[in-house]
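Have a look at the structure below before the remarks.
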Amino acid sequence: MLKRAVAVIHIPDNLSQKIEFLLGSSDAISNEPIEIFSEQRVAFLAQLSRLLLADPVGKSMPDIAAFAYWCRQANLERMRERYDPKSRLQMGLGLTFHICPANVPVNFAFSMAFGLLSGNSCVLRLPSKPSATIDLLASAIQKQLNEPCYQHLRQDLVLMRFDRDDEIVKFLISIADGRIIWGGDETVAHMRSFPSKPRSREVAFPDRYSLCLLEPVCILEMGKQAFDRFCFALYNDIYLMDQSACSSPQLIAWIGEPKEVEAAQRKLWPEVVKIARQKYPLQAVHVIDKFTAVCRNSIANLGVQSIERNTNVLYRIQLSFLDKHQDECRGYFGTIHEVVLPHLDALAPIVSERYQTLTVQGIDHTVIRQWITRNRLRGIDRVVPVGRALDMSILWDGYDLIGSLSRVVDL
């Protein structure tokens with residue numbers, strides 16, 4: 001009689017003793033795939049959404065609220081329609097191993113959702129850094145798995161923490177049919193040094209850089225309500241994740257005449273600063289880090305023309321030209337580099353494969369599309385309106401995450 005491939009994996013005792021299991025155990029991890037967007041898993045995530053939105057603490061935390069809205073039933077159904085699972089058979093790979101980021105704690109939940117929706121079991125290594133976001137989400141997921149109707153998922157989901165340990169990582173990569181690596185370039189390179197299964201797939205998210213395009217006349221002509229909404233949207237993009245997220249804008253490129261840009265800047269920035277003063281909890285240590293980074297960038301970048309400080313809430317670094325390595329000049333906690341360009345093509349020479357998200361206001365998508373194709377750009381994977389820089393999607397960093405973590409059965 002032929003044996004089935006291993007369905008339940010056991011982590012060796014010498015390794016499991018060094019692991020903290022927040023959810024799941026070392027002796028029963030499934031590697032059996034199911035079809036993408038299964039009814040059970042959509043129901044699990046939709047119920048998790050309801051649970052989080054009913055929690056006053058969770059609902060008050062912007063990152064958790066964003067995840068909860070993302071995995072609402074209606075949004076999951078919209079995503080499912082893209083793949084039309086009723087007309088063709090698309091199965092997961094088996095077991096996925098996820099290296100989750102510390103700079104954006106909520107991303108582990110999105111990574112888990114991508115793994116589950118693409119039909120895989122998920123082993124997620126969470127960051128060791130304390131996080132109220134991770135604690136609340138892990139507690140909600142555990143609470144839901146305790147429900148009898150979700151017992152079937154207990155072998156499909158493991159949340160763990162462990163200190164740097166190549167022996168554990170090597171084992172988990174060796175059994176994984178797919179891996180998702182959130183981290184910097186060094187983390188991605190290190191994970192690739194471990195042998196993996198011949199058919200194992202990888203989705204890696206190394207260092208990326210993002211920017212914003214603004215057309216000044218559009219901002220000058222905005223009515224009060226539209227302008228207020230726009231300022232709040234720009235505030236969210238810049239401040240919600242302290243500019244630690246790869247999709248947070250680092251550079252504002254104004255496309256237009258200098259006089260119009262100056263007028264738009266005089267209108268825009270005081271209102272953004274006003275919102276930030278009311279909403280952004282700037283810590284003393286961040287003020288020091290921010291000032292140090294601005295000094296360092298000013299020394300290293302010959303394009304820096306002037307620096308404008310709006311107290312400590314917003315630093316605006318004015319550039320007379322764009323450095324070839326502009327993506328290395330970064331700031332956090334409300335630090336923006338700004339440049340005025342006569343036309344869109346002047347931006348093209350600096351766009352490398354590191355460029356990820358382009359937020360836009362006042363420039364038509366057709367123009368952006370023609371600009372990307374005309375200049376044969378190697379970078380920019382997302383073009384979204386201002387205010388949606390941090391919106392997570394199943395299309396991310398140029399990957400179709402469901403497609404990348406599943407296989408189509410040709411029937």
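So what is the diffusion coefficient of the stretch 134-181 in µm² per second by Stokes-Einstein at 20 °C and 1.002 mPa s, using a Kirkwood Rh over Cα pairs?
On the way: Rh = 12.9 Å.
In µm²/s, the coefficient is 166.
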With T = 25 °C, eta = 0.890 mPa s and Kirkwood Rh from C-alpha pairs, the Stokes-Einstein D of the stretch 172-232 in µm²/s is about 161 µm²/s
Averaged per residue, what accessible surface does the stretch 60-154 expose to a 1.4 Å probe, in Å²?
39 Å²
Listed residue (W371, Q151, N120) projecting farthest to the positive dipole end of the chain, Cβ model
Q151
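Summing +1 for each Lys or Arg and -1 for each Asp or Glu, what net charge is found among the other residues whose Cβ lies under 15 Å from the Cβ of R369? Don't skip to the end; give the middle numbers.
Values: positive: R374, R376, R382; negative: D345, D364, D381.
Every neighbour counted, the sum reads 0.
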State the percentage of accessible surface on the chain attributable to carbon and sulfur atoms; use a 1.4 Å probe and exclude ligands, DNA and RNA.
52 percent
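Would you mind putting 388-396, 114-122, 284-292 in packing order, based on average other-beta-carbon counts within 10 Å, highest first? Don't jump to the answer; show the numbers that get you there.
Numbers: 388-396: 18.6, 114-122: 27.0, 284-292: 13.4.
Most protected by this proxy first, the peptides run 114-122, 388-396, 284-292.
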Whole number please: convex hull volume per residue of the Cα set in the stretch 293-347, in Å³?
83 Å³
Order of 258-265, 177-184 by packing, highest average Cβ count within 10 Å first?
177-184, 258-265
Show log10 I(q)/I(0) for the chain at q = 0.07, 0.12, 0.14 Å⁻¹, two decimals, from a solvent-free Debye sum over equal Cα scatterers.
-0.37, -1.02, -1.29
Burial ranking of peptide ranges 364-374, 323-333 (average Cβ count within 10 Å, highest at the top)
323-333, 364-374
Check each of the trypsin sites (Lys or Arg not before Pro) in the stretch 66-123 and keep only those in coil by DSSP with at most 10 other C-beta atoms within 10 angstrom; list them in order.
K86
Relative contact order of the chain (C-alpha contacts under 8 Å, at least 6 apart) in percent is 17 percent
Quick one: if you take sqrt(5λ) for each eigenvalue of the C-alpha gyration tensor of the stretch 175-328, what semi-axes come out, biggest first, whole angstrom?
35, 19, 17
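Roughly what % of Cα-Cα distances in the stretch 126-258 sit above 23 Å, to the whole percent? Mind dumping the intermediate values first?
Working: 5172 of 8778 pairs.
The calculated P(r) of the stretch 126-258 puts 59 percent of pairs beyond 23 Å.
Where Rh denotes the Kirkwood radius from the mean inverse Cα pair distance, what is Rg over Rh for the stretch 259-330?
Working: Rg = 13.5 Å, Rh = 13.6 Å.
Rg divided by Rh gives 0.99.
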Treating every alpha carbon of the stretch 264-411 as one equal point scatterer without solvent, the Debye formula yields log10 I(q)/I(0) values at q = 0.17 Å⁻¹ of -1.18
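Summing Lys, Arg as +1 and Asp, Glu as -1, what charge do residues with Cβ under 13 Å from the Cβ of N103 carry, N103 excluded? It would help to have the intermediate numbers written out before the result.
Details: positive: K129, R208, R330; negative: D63, D207, D242.
That works out to 0.
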Projected-area average for the stretch 21-65 over all orientations - Cα convex hull basis, square nanometres:
4.6 nm²
Could you tell me what fraction of 2.2 N^0.38 Å the Cα radius of gyration of the stretch 60-214 comes to, as a two-decimal ratio?
1.09
Nearest 5 percent is fine: what portion of the DSSP beta bridges confined to the stretch 181-327 is antiparallel?
45 percent
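A 18 angstrom limit on the alpha carbon distance is what I want to check against. Which of K18/K170; K224/K279; K259/K290 exceed it? Don't skip to the end; give the middle numbers.
Values: K18/K170 14 Å; K224/K279 20 Å; K259/K290 29 Å.
Pairs exceeding the cut-off: K224/K279; K259/K290.
Which GluC sites (Glu not before Pro) does the stretch 167-247 hold that lie in a coil by DSSP with at most 15 other beta carbons within 10 Å? Walk me through the intermediate numbers first.
Details: sites: E167, E186, E202, E221; in loops: E221.
For GluC sites (Glu not before Pro) across the stretch 167-247 that sit outside H, G, I, E and B with at most 15 neighbouring Cβ atoms in 10 Å, the list reads E221.
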Between the residues L48, V8, P85, the Cα farthest towards the positive end of the dipole of the stretch 1-119, that dipole coming from +1 and -1 charges on the beta-carbon of Lys, Arg, Asp and Glu, is from P85
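Need one word for the stretch 1-139: rounded, prolate or oblate. Basis is the Cα gyration tensor (sqrt eigenvalues a ≥ b ≥ c); a/c below 1.5 gives rounded, then a/b vs b/c decides. Could you put the intermediate results ahead of the total?
Numbers: a/c = 2.38, a/b = 1.10, b/c = 2.16.
Oblate is the answer for the stretch 1-139, as a/c is 1.5 or above yet b/c matches or exceeds a/b.
The values are calculated or read from the model by the stated rules, or taken from the named source; none is laboratory data. Keep in mind that what you see is a predicted model, and the values were worked out from it rather than measured. All Cβ positions, glycine included, derive from the backbone under ideal geometry; neighbour counts span all protein chains shown. Please note that ligands, DNA and RNA were not included when accessible areas were found on the heavy atoms of the full protein model with its side chains. Shrake-Rupley method; radii C 1.70, N 1.55, O 1.52, S 1.80 Å.
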